[in-house]
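The values are calculated or read from the model by the stated rules, or taken from the named source; none is laboratory data. Here the structure is a predicted model, which means the values were calculated and not measured. With ideal geometry, Cβ positions are generated from the backbone for all residues, glycine too; neighbour counts draw on all protein chains shown. What goes into the accessible areas is simple: the full protein's heavy atoms, side chains included, and nothing from ligands, DNA or RNA. Shrake-Rupley method; radii C 1.70, N 1.55, O 1.52, S 1.80 Å.
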Amino acid sequence: MKSCGPWSATTTSRQRSFPDERFAPPAVLRPDEEATEHEGDVLADPKSACETRTVRLYSGPAQGESPTRAHEAMNRPSWDQYFLKITKQVAERSTCLRRQVGAILVRDKRILATGYNGAPRGLKHCAEVGCLREQQNVPSGERHELCRGLHAEMNAFIQAANFGVSTEGATLYATDYPCSLCAKIAVNAGVRRIVTIGDYPDALAKEILGEAGITVDVISDDTIAG
């Protein structure tokens, strides 16, 4: 069988030289180009298991075209926007009744682990048994131990540990500012930077992260919508 090249573009299965196809560079069109067959760029064999459609690959700005303008015309998200969009999707798996939170750990533009908040493995979800914090009227940002669930950041670090993945030097992306418990875990896990969308009422968390020298960047949700 004829194999797909490392940059062939398809809409279904892809055989590439990347260890994880989620991080393979996508094929993109320049704004003024149409989808056409282009010998040498893509596989156009209808009998191949890889081929469903063919496109020309964008090989850079045209002659005389500004690279900056070409990049802007493609409307590509920044790396922070890219990973925060993924983090928001991770949060959709949350089973928390109060706040759906997602977190991912990234190093060298590669996702190391993901996590969302919810009950421990094998236990009933809060949707089934109710929210302990609501039942006891615990304010947000206080008494973190009075909760059946684990935080998204905790689950991301646990997942990394389960699979033997080092988080030293990683960036933590989260939909909400980490609490003081997750902040302490992040410090000891070697996180160097945190990027978040929303705030969280926990002054101690901000104090811990500031003293540890961890950079925290808050990005408006409006800039990553879509």
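Condition check ((1) over 20 Å from the mean Cα position of the chain (by Cα); (2) modelled with pLDDT under 95; (3) acidic (Asp, Glu)) across all residues:
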{"site": "Ser180", "(1), (2), (3)": "yes, yes, no"}
{"site": "Ala183", "(1), (2), (3)": "no, no, no"}
{"site": "Ala186", "(1), (2), (3)": "no, no, no"}
{"site": "Ala189", "(1), (2), (3)": "no, no, no"}
{"site": "Pro201", "(1), (2), (3)": "yes, yes, no"}
{"site": "Ile208", "(1), (2), (3)": "yes, no, no"}
{"site": "Glu211", "(1), (2), (3)": "yes, no, yes"}
{"site": "Ile219", "(1), (2), (3)": "no, yes, no"}
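Criterion first (closer than 16 Å to Thr95 by Cα, open to solvent by less than 20 Å² (accessible area, probe 1.4 Å) and either of a type outside the set (Lys, Arg) or touching a strand residue (DSSP E or B) at 6+ places or on another chain (Cβ under 9 Å) (or both)) does Cys126 satisfy it?
yes
Any residue at all in the range 156-173 that is open to solvent by 40 Å² or more (accessible area, probe 1.4 Å), in contact with a helix residue (DSSP H, G or I) (Cβ under 7 Å, 6 or more places away or on another chain) and assigned to a helix (DSSP H, G or I)?
No: zero hits.
Starting from residues that are β-branched (Val, Ile, Thr) and open to solvent by 10 Å² or more (accessible area, probe 1.4 Å), keep the ones in the range 76-105 and report whichever is nearest to the chain's Cα centre (by Cα).
Only one residue fits best here, namely Ile86.
Just for the range 185-226: of the residues that are assigned to a helix (DSSP H, G or I) and in contact with a helix residue (DSSP H, G or I) (Cβ under 6 Å, 6 or more places away or on another chain), which one is most open to solvent (accessible area, probe 1.4 Å)?
Residue satisfying both the conditions and the ranking: Leu204.
How do the helices (runs of 4 or more DSSP H) wholly within the range 77-151 filter down when requiring 1 or more residues that are of a type in the set (Ser, Thr, Tyr) and more than 17 Å from Tyr200 (Cβ to Cβ): which remain?
Ranges flagged: 79-91.
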